[in-house]
């Protein structure tokens with residue numbers, strides 16, 4: 001099985017808990033590894049209501065990127081719940097650099 005990483009963006013201008021149907025399907029898919037970088041992320045309470053497990057990964061962007069890529073390389077569907085304040089640019093950049101480097 002080939003893994004993948006799905007980044008789900010959020011905006012502070014959108015009501016907490018509001019995601020597209022496609023995003024809800026991704027996080028609810030059996031076996032999905034759903035991650036966030038902050039235990040105060042506004043979507044977490046809604047995922048918890050649906051018994052969707054969320055794993056917090058804290059650390060520098062490069063460390064988080066390595067962990068997400070390792071899980072995907074092992075065949076997992078990895079979901080990252082992006083910071084609504086836009087604080088994940090460094091993570092996206094770190095993922096892009098590692099993927100481009102092969």
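Annotations
- Distance between segment 1-51 and segment 55-102 - C-alpha centres, whole angstrom: 14
- Label-to-label distance, nm, for residues given as residue 21 and residue 99 (7 Å Cα→Cβ offset): 2.6
- Counting every other Cβ atom within 10 Å of each residue's Cβ, 24, 80 order from fewest to most as 24, 80.
- Peptides ranked, highest mean first, by Cβ atoms within 10 Å: ranges 26-34, 7-15: 26-34, 7-15
- With an a/c value of 1.5 or above and a/b not larger than b/c for the gyration tensor axes a ≥ b ≥ c computed over the alpha-carbon atoms, the chain is described as oblate.
- Protection-proxy order for peptides 47-56, 86-95, each taking the mean of Cβ atoms within 10 Å per residue, highest first: 86-95, 47-56
- Selected from 60, 45, 71 as most flexible by GNM, with the chain as the system and alpha-carbon contacts under 10 Å: 60
- Computed label-point distance, nm, for sites residue 7 and residue 92 using a 7 Å Cα→Cβ extension: 0.5
- Its DSSP H runs of at least 4 residues, each contributing -39,500 (n - 2.57), put the calculated 222 nm mean residue ellipticity of the chain at -11500 deg cm²/dmol, to the nearest 500.
Since every read-out is calculated from the coordinates, none of them should be taken as a lab result. None of these values were measured; they are calculated from a predicted model. All Cβ positions, even for glycine, are placed from backbone atoms using ideal geometry, and neighbour counts span all protein chains on display.
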